[in-house]
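Trainee: Before I ask anything, here is the structure I am working with.
The values are calculated or read from the model by the stated rules, or taken from the named source; none is laboratory data. The shown structure was predicted, so the numbers you read here are calculated from the model rather than taken from an experiment. Every residue, glycine among them, receives a Cβ derived from its backbone with ideal geometry; neighbour counts consider all protein chains shown. The area values use the complete protein model at the heavy-atom level, side chains included, leaving out ligands, DNA and RNA. Shrake-Rupley method; radii C 1.70, N 1.55, O 1.52, S 1.80 Å.
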Amino acid sequence: MLCSHSTRRRGGMETGDQAGIGMSSAYLALHAVVSELEVLLRGDGERHWADWMRRVITQLEQGNAGAPESLLRAYGGMGSFNDLALGQDYSNGRFQWKADAGELNDRLDALRGRAWELARAIRDATRPPLIRAPADLSAPDRD
């Protein structure tokens with residue numbers, strides 16, 4: 001069940017109080033995309049990233065405001081979610097692509113990209129604004 005907490009508007013998005021987040025349309029969209037990713041990943045036998053998506057889904061359902069950041073952490077570095085390709089098979093000592101590998105990876109790329117966009121938008125909309133120093137207080141010019 002998706003949670004429903006008291007919300008207030010900030011930066012065009014709904015954000016929750018200390019108890020959790022409200023499920024705004026952006027959070028609901030992220031939940032739907034990450035849920036599709038989990039199904040796709042499990043369907044291809046990819047347990048590690050499917051389990052990661054399940055944790056993000058649980059965080060979203062529990063109203064954890066850190067859920068978008070948890071998802072975004074999957075995307076960085078070597079061996080990251082960005083590097084994943086589906087439809088691979090290694091049997092009888094040989095690597096081969098499954099017949100539907102192209103379709104699987106097209107769907108993965110679309111969902112992976114959409115999840116990234118939604119998580120970034122949510123994170124950026126709920127992040128406190130940066131405080132900038134006035135120009136006269138900035139570092140002195142170097143000659």
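Trainee: Based on the Cβ-Cβ distance from residue 35 to residue 94, what FRET efficiency comes out when R0 is 30 Å, to the nearest 0.05?
Mentor: That gives a FRET efficiency of 0.35.
Trainee: Net charge near residue 36: determine it from the other residues with C-beta under 12 Å of the C-beta of residue 36, scoring Lys and Arg +1 and Asp and Glu -1.
Mentor: Once positives and negatives cancel, what remains is +3.
Trainee: Taking the full set of protein chains and a 1.4 angstrom probe, give the accessible area of residue 83 in square angstrom, rounded to the nearest 10.
Mentor: Residue 83 has an accessible surface of roughly 100 Å² with all protein chains in place.
Trainee: Under a plain spin-label model, where a point goes 7 Å from the Cα along Cα-to-Cβ, how far apart in nm are residue 61 and residue 120?
Mentor: My value for the distance between the label points is 2.9 nm.
Trainee: Over the heavy atoms of residue 52, what accessible area does a 1.4 Å probe trace out, to the nearest 10 Å²?
Mentor: Counting only protein heavy atoms, residue 52 exposes about 60 Å² to solvent.
Trainee: First select every other residue whose beta carbon is under 14 angstrom from the beta carbon of residue 111; then total the charges, Lys and Arg +1, Asp and Glu -1.
Mentor: Spelling it out: positives minus negatives among the neighbours equals -4.
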